[in-house]
Amino acid sequence: MYRIASKKALNPTVTQMEIVSPLVAKKAKPGQFIILRVDEEGERIPLTVAGTDPEKGTVKIIFQIVGATTEKLNHKEEGEFIQDFVGPLGVATHTEGIKKVCIVGGGVGCAIAMPVAQEFHRLGAEVTSIIGFRNKDLLILEDEFRECSDRLVVMTDDGSYARHGNVTVPLKEMLEAGEKFDMIITIGPLIMMKFVTLTAKPFGVPVTVSMNPIMIDGTGMCGGCRLTLNRDGERITKFACVDGPDFNGYEVDFDEAMSRGRMYFDFERKAHEETCNLFKKA
Amino acid sequence: MALDPKKHEMPTQAPEVRAHNFNEVALGYTEEMAVAEAQRCLNCKNMPCVAGCPVNVNIPGFISRIKEKDYEGAILIISRTSTLPAVCGRVCPQETQCESKCTMGIKFEPVGIGRLERFVADWYNSQEEKPVLPIEPNGHRVAVVGSGPSGLTCAGDLARLGYKVTVFEALHTAGGVLVYGIPEFRLPKAIVAQEVETLKKNGVDIETNVVIGKTLTIDELFEMGYEAVFIGSGAGLPNFMNIPGESLKGVYSANEFLTRSNLMKAYRDNPVTPIMKGGKVAVVGGGNVAMDAARTALRLGAEKVYIVYRRSMDELPARREEVEHAMEEGIDFRLLNNPVEILGYNNPDDPRDPKNGFVTGMRCIRMELGEPDAKGRRRPVPIPGSEFTLDVDTVIMAIGTSPNPLIKNTTAGLEVNKHGGIIVNEAGLTSREGVYAGGDAVTGAATVISAMGAGKTAAKAIDEYLSKK
């Protein structure tokens, strides 16, 4: 059992928790993820590590309440316990040799992008961050990004806060103005990462994307998290849990990944509704 | 006394009943049946059966005790060499091991050794007051990576010798393939849990949610004070055929399909982990895992389940009993067939059609057997122009696995072969001092009992190594 050391709502649908797990806290690096189960009968869900405190032995997770399991997790309070917490899994984000980086985060993906931006800042790289949200109410982590970024652009889809538009708009402007990034790292919805990759392509800037497919064990056993890369005219199967979650954006078959991500859409929506009804009755 | 030429049948659930439930297929001997079957053992002096057992259980010894209705005596004999008798009695391929060597088998049917072992183990598990083995702690600590058959056996043997053993398990439940892979109807999870409990009583600690190679490395285990390490991390990533359509929705690896059903309990009503149920299912492959996947799909409510295998019945590698059970239950064996493409739904007028990307069928080609390959198995050759489409909406690939890279990538000096399997000597020692390995992590996908044999061999070698230190 793993204790919830702290809990904080970042916005109405996004919650931050610190979980006591000293071994994971000691090891986890930006870009890696954990798998948790809320209770004995629960499903295993992957969540990316949003930060660690090795001294306190805690691991920060930030999650959006999208399904039955995140709904149940959000009903747990500080001081309560979750059943299972395992990690750190996946390969950490590569930082070597990158002096000038652009981090593009979307929605709750910004929770994952933040520790990556912080890591580059700590390593002395020049960090540009572009973070986008559907609207002002869903904005998270603006102050944290401001602290670790040399330049920060905040976007909202509906213009209710900061600049109006998609994250690709300022990215394109910067690239057209001759900005030379060593790497663009984008974390968020698949459709956003696909368009960030397409935006960067004419300028020849390398793009790293963080994939978040359906997973079960997360340790390289089940193969459910597989995705296809197009490399040198060949289609290669990779497993996000052990080969990723970071991949070269130019190689990822985004359309296939989006299709696979919707495999259990109906099941998940129904399960979430049922869980919400349970909590309403209680 | 006249000897019964035939093995006593073990009662099973009727095929038409069991095809719709996840309860155990084979029901086990009653006491009368067990004693009667035990009488068939000739108690040969040279004990050929013992040589056929990878863990060398004293088979005539425990069967003699059954004849005398001394079941406690029987379990104590089995426990001297086997850690998981209730598991072995159920999933070992006895017909190619102990029972294949049985003297009775020369003229008649061999003694039902597996069924008798199962009877004794189940008797033990049903006792409230269990006989315990006396253990003298020797002060040495050993770490075991993975709680599957090889790891549990290695841990059990070392614990008996007085070692303080900690087993590190990546998943949330101990048992490895016994809980995520082998289905409930063939090996009830309560049985595995009982075997694990017995180990804990013998002083073995089990730490779940620790991924060696990630949470901790092999080197860190030594820093923590463990004096030897056994790696039994099991088979790894599932293989796919690399044919078009394998990423469509409705294509599973057998590992994923079985893990969803077994470990995550997707077979229950209202599961929290989803799985595709019903419809028409094709399972590609001919091993025990393929049989497990096919029979699981059937029990999940499939209207039709095919086994698609590129060779013929003679080459089918699954245990005979599993194949027979599958056939009785109505699994349709499409032998000498090989998939060439998986077809998916695609509505050209509506890219948002929710059916898009789901499996609609599988193109296969008929095969014939050609010349024998290096292993002596006749090589299947496609018959030109014989393609056809099998109408299915789920495809399960059960064509083996490749070793997991997590430990290899984080352990300097640990040598692996070209397939990624850890290289060991005959005692299970790897290229690193004090590090031993066994089971699928070494051999690639194999059987529960061969993994147990490897765990046992390594336990012996670890004991010799640490006794000298």
- Note on the structure: Counting only helices (runs of 4 or more DSSP H) wholly inside the stretch B:1-75, the ones holding at least 3 residues that are under 21 Å from B:N125 (Cα atoms) are B:31-38, B:59-67
- Query: Can you tell me which residues in the stretch B:9-37 are surrounded by 13 or more Cβ atoms within 10 Å (Cβ to Cβ) and farther than 19 Å from B:E328 by Cβ?
  - Reply: B:Y29, B:T30, B:M33, B:A34, B:V35, B:A36, B:E37
- Message: Could you check the stretch A:115-133 and list, in sequence order, the residues that are buried (at least 21 other Cβ atoms within 10 Å of the Cβ) and either under 17 Å from A:V196 (Cβ atoms) or more than 12 Å from the chain's Cα centre (by Cα) (or both)?
- Response: A:V116, A:A117, A:F120, A:V127, A:T128, A:S129, A:I130, A:I131, A:G132, A:F133
- Item | Top-ranked residue in the stretch B:428-463 [being modelled with pLDDT under 95 and farther than 21 Å from B:G52 by Cβ; ranked as most open to solvent (accessible area, probe 1.4 Å)] | B:A445
- Scan of the stretch B:158-184 for residues that are touching a strand residue (DSSP E or B) at 6+ places or on another chain (Cβ under 9 Å) and under 17 Å from B:M452 (Cβ atoms), ordered by number: B:L158, B:A159, B:V165, B:V167, B:E169, B:A174
- Quick one: in the stretch A:224-268, of everything that is more than 11 Å from chain B (Cβ to nearest Cβ) and free of Cβ contacts under 8 Å to residues at least 24 places away in the same chain, which residue is least open to solvent (accessible area, probe 1.4 Å)? A:E251
- Item | Which listed residue, of B:A412, B:A398, B:A374, is within 14 Å of chain A (Cβ to nearest Cβ) and either under 25 Å from the mean Cα position of the chain (by Cα) or surrounded by fewer than 12 Cβ atoms within 10 Å (Cβ to Cβ) (or both) | B:A398
- Is at least one residue of the stretch B:356-367 open to solvent by less than 30 Å² (accessible area, probe 1.4 Å), within 14 Å of another protein chain (Cβ to nearest Cβ) and of a type in the set (S, T, N, Q)? yes
- Task: Tell me, please, whether a residue that is buried (at least 16 other Cβ atoms within 10 Å of the Cβ), touching a Pro at 6+ places or on another chain (Cβ under 7 Å) and either without any contact (Cβ under 8 Å) to a residue 60 or more places away in the chain or within 14 Å of another protein chain (Cβ to nearest Cβ) (or both) can be found in the stretch A:68-81.
- Result: no
- Note on the structure: In the stretch A:171-184, anything buried (at least 19 other Cβ atoms within 10 Å of the Cβ) and either over 20 Å from A:Y250 (Cα atoms) or in contact with a helix residue (DSSP H, G or I) (Cβ under 6 Å, 6 or more places away or on another chain) (or both) is listed as A:L171, A:L175, A:I184
- Message: Looking only at the stretch B:273-328, count every residue that is β-branched (V, I, T), open to solvent by less than 10 Å² (accessible area, probe 1.4 Å) and within 22 Å of B:I342 (Cα to Cα) and tell me the total.
- Response: 7
- Message: Taking the condition of being open to solvent by less than 10 Å² (accessible area, probe 1.4 Å) and of a type in the set (S, T, N, Q), how many residues in the stretch B:73-98 meet it?
- Response: 1
- Task: Name every residue in the stretch B:248-270 that is open to solvent by 20 Å² or more (accessible area, probe 1.4 Å) and out of contact with any Phe, Trp or Tyr (no Cβ under 9 Å at 6 or more places or on another chain), in order of residue number.
- Result: B:K265, B:D269, B:N270
- Note on the structure: The residue that is farthest from the other protein chains (Cβ to nearest Cβ), considering only those in the stretch A:16-45 that are open to solvent by less than 10 Å² (accessible area, probe 1.4 Å) and β-branched (V, I, T), is A:I19
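The values are calculated or read from the model by the stated rules, or taken from the named source; none is laboratory data. All values reported here derive from a predicted model rather than from experimental measurement. Positions of Cβ are generated from backbone atoms using ideal geometry, with glycine treated the same way; all protein chains shown enter the neighbour counts. Surface areas here come from the heavy atoms of the whole protein model, side chains and all, with no ligands, DNA or RNA. Shrake-Rupley method; radii C 1.70, N 1.55, O 1.52, S 1.80 Å.
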